[in-house]
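A short worksheet on the structure shown next.
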Amino acid sequence: MDFSFTEEQLMIRDVARRIAQEKIAPSAEHYDKSGEFPLDNIKLLGENGLMGIEVPAEYGGAGMDPVAYVLAMMEIAEGDCAHSTIMSVNNSLFCNGILKFGTEAQKQLYVRAIAEGKAIGAFALTEPQSGSDATAMRCKATRQADGTFVINGKKSWITSGPVAKYIILFAMSDQSKGARGITAFMIDTDKPGFHRGKTEPKLGIRASATCEIEFQDYVATADEVVGAEGEGFKIAMGVLDAGRIGIASQAVGLAKAAYKAAVNYVKERKSFGQPIGSFQMIQAKIADMKCRLDAAELLTLRAGWAKAQADKSGGRFSTEAAVAKLTASEAAMFITHQALQIHGGMGYSKEMPLERYFRDAKITEIYEGTSEIQRLVIARNETGLR
Ligand code: CAA
Ligand code: FAD
């Protein structure tokens, strides 16, 4: 196997690394404490091609491949997890969806501003009563005689909802058809009938703004339907396959930050007259962290590679994406936990970033499909059983 990267992939990784280390990491504590949306940093990511990495240049993106996206996401998440959440929704869930399923007019209209980071995109599937069981949605799109749709209902936990200009929305257009009755729509948040709820107070990724949104007689034209009517659930699932690679990359980047801090600390901190890294119990922790980190990184790169093959020749990469997300998110939880423990009392202090890493890691096991849902997807795909 060839594990080397192309010049382009290395270039975007280095751009992301520089911004992450020079701008994002130094401001992460501020944004975590204040919960403000990091608008200036996000604009900077956009100016450097990082908000639309796989978007072709003709639509304002960097025109790179999924492996480049994985590498860049890892770097940004190593700088700060919350920034990488905003980046991941823009790239994987918004741009990918419109590029793959949208019309030429939709690509021209909606992708450029989002890929350039001049506007923010969001993805709205979850509702108060339907998260994992996504087809149990109640948000309704009713077709009118003139071909427009009237949308009514609520979506919850929408990342970037408080700031998004455009949202890809999934709504039930024919209840009798279940999953095949769901349609995707492009929502312009400046149009009448769109409302935002309060921003959610969260354990971690506090700079990534999340809120409930509500539609009251919102009118979507036929031109704002994404893909075919009734194809919305397949679009959501296809987009989430790509999204899960983004979250796996995020988990790897975050785990790397915690791991590097731990390796430095065990060499500096002395106890019983020696560096704590010379104790076998601490060495075992370092070894276990390293194994899980490398496994997560390799599986995430494999998933990026599998998506690149599927982009060229069709086919699915659901299993590779779910394996990467499951492994990397559980590795991030394990590694941030162990890294905090290695720092003793200082790990628990807000004067060091370890407690933030630990809080941020938890979300990677929940959003874009919980760990239980990743296991369900993998096992269903492997056995063919339901
Ligand atoms: N690609 C394309 N089509 C797919 C697919 C995929 N990956 N997965 C399923 N489908 C198709 C199926 O083939 C099926 O099609 P047919 O009707 O033609 O047979 C249809 O979709 C329904 O599939 P299932 O019967 O498997 O559906 P299900 O109700 O059993 O649900 C599930 C499957 C995997 C549990 C799914 O509901 C799921 O992934 N749930 C988790 C939801 C989720 O991840 N939400 C994330 C929200 S976004 C977010 O979280 C963003 C963020 O934080 C930043
Ligand atoms: P539930 O589905 O109610 O699950 C509760 C528990 O039951 C979980 O442990 C789950 O794994 C388990 N469970 C459920 N079904 C099964 C099963 N079949 N087998 C085994 N266990 C099961 N959604 C969006 O659409 N867009 C976004 O931008 C977005 N951003 C988010 C940001 C944050 C910070 C958070 C917290 C959530 C976000 N979500 C978003 C929603 C997220 O995808 C859901 O929270 C997630 O899919 C789980 O759904 P739920 O919270 O309803 O939990």
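The residue pairs whose first member lies in the stretch 179-206 and is over 30 Å from ALA77 (Cα atoms), whose second member is of a type in the set (Ser, Thr, Tyr) and within 15 Å of ligand 2 (Cβ to nearest atom), and whose beta carbons are closer than 6 Å, counting only pairs six or more residues apart or on different chains, are ALA179/THR135.
Only one of the listed residues (ALA258, ALA242, ALA248, ALA303) is among the small types (Gly, Ala, Ser) and either outside the structural domain of THR319 (by the TED database) or more than 30 Å from GLY315 (Cβ to Cβ) (or both). That residue is ALA258. The combined condition, being within 27 Å of LEU376 (Cα to Cα) and not hydroxyl-bearing (Ser, Thr, Tyr), is fulfilled by LYS154. For the stretch 211-249, taking the residues that are of a type in the set (D, E, K, R), part of a helix (DSSP H, G or I) and within 10 Å of ligand 1 (Cβ to nearest atom), the one that is surrounded by the most Cβ atoms within 10 Å (Cβ to Cβ) is identified as ARG244. Determine if the stretch 25-36 includes at least one residue that is among the aromatic types (Phe, Trp, Tyr) and within 20 Å of GLY243 (Cβ to Cβ). No; the residues of the stretch 25-36 include none that is among the aromatic types (Phe, Trp, Tyr) and within 20 Å of GLY243 (Cβ to Cβ). Selection within the stretch 133-143: residues that are within 15 Å of ligand 1 (Cβ to nearest atom) and crowded, with 18+ Cβ neighbours inside 10 Å. The member of this set that is farthest from ALA220 (Cα to Cα) is ALA134. Criterion first (more than 9 Å from ligand 1 (Cβ to nearest atom) and touching a residue at least 60 places away in the same chain (Cβ under 8 Å)) does VAL150 satisfy it? Yes. Where helices (runs of 4 or more DSSP H) fall entirely within the stretch 3-88, those with at least 3 residues that are surrounded by fewer than 24 Cβ atoms within 10 Å (Cβ to Cβ) and on the phi < 0 side of the Ramachandran plot are at 7-19, 25-34, 39-47.
Each row is one residue, and each column tells you yes or no for (1) small (Gly, Ala, Ser); (2) crowded, with 17+ Cβ neighbours inside 10 Å.
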residue	(1), (2)
LEU109	no, yes
ILE114	no, yes
ALA119	yes, yes
ALA124	yes, yes
GLU127	no, yes
GLY131	yes, yes
ALA145	yes, no
ASP174	no, no
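Check the stretch 190-199 and report whether any residue there is farther than 30 Å from HIS30 by Cα and within 13 Å of ligand 2 (Cβ to nearest atom). No; the residues of the stretch 190-199 include none that is farther than 30 Å from HIS30 by Cα and within 13 Å of ligand 2 (Cβ to nearest atom).
Of the listed requirements (1) near ligand 1 (Cβ under 10 Å from one of its atoms); (2) assigned by the TED database to the domain that holds PRO66, SER130 misses just one: (2). Restricting the stretch 291-317 to residues that are surrounded by fewer than 22 Cβ atoms within 10 Å (Cβ to Cβ) and among the small types (Gly, Ala, Ser) leaves a set whose member that is nearest to the chain's Cα centre (by Cα) is ALA308. When GLY347 is tested against (1) buried (at least 24 other Cβ atoms within 10 Å of the Cβ); (2) free of Cβ contacts under 8 Å to residues at least 60 places away in the same chain, only condition (1) is not met. Taking the stretch 342-386 as the range and being in a loop (DSSP other than H, G, I, E, B) and more than 9 Å from ligand 1 (Cβ to nearest atom) as the test, the residues that pass are HIS343, SER349, LYS350, GLU351, MET352, PRO353, THR364, GLU365, GLY384, LEU385. Please work out if GLY35 is in contact with a Lys or Arg (Cβ under 6 Å, 6 or more places away or on another chain) and farther than 24 Å from LYS362 by Cα. Taking the combined requirement at face value, the residue does not satisfy it.
Scanning the stretch 104-117 turns up one or more residues that are over 17 Å from MET186 (Cβ atoms), modelled with pLDDT under 95 and more than 15 Å from ligand 1 (Cβ to nearest atom). Strands (runs of 3 or more DSSP E) fully within the stretch 132-207 that include at least 1 residues being closer than 19 Å to ALA236 by Cα and modelled with pLDDT of 95 or more: 140-143, 149-159, 166-172, 182-188.
The values are calculated or read from the model by the stated rules, or taken from the named source; none is laboratory data. All of these numbers come straight from a predicted model, not from anything done at the bench. Positions of Cβ are generated from backbone atoms using ideal geometry, with glycine treated the same way; all protein chains shown enter the neighbour counts.
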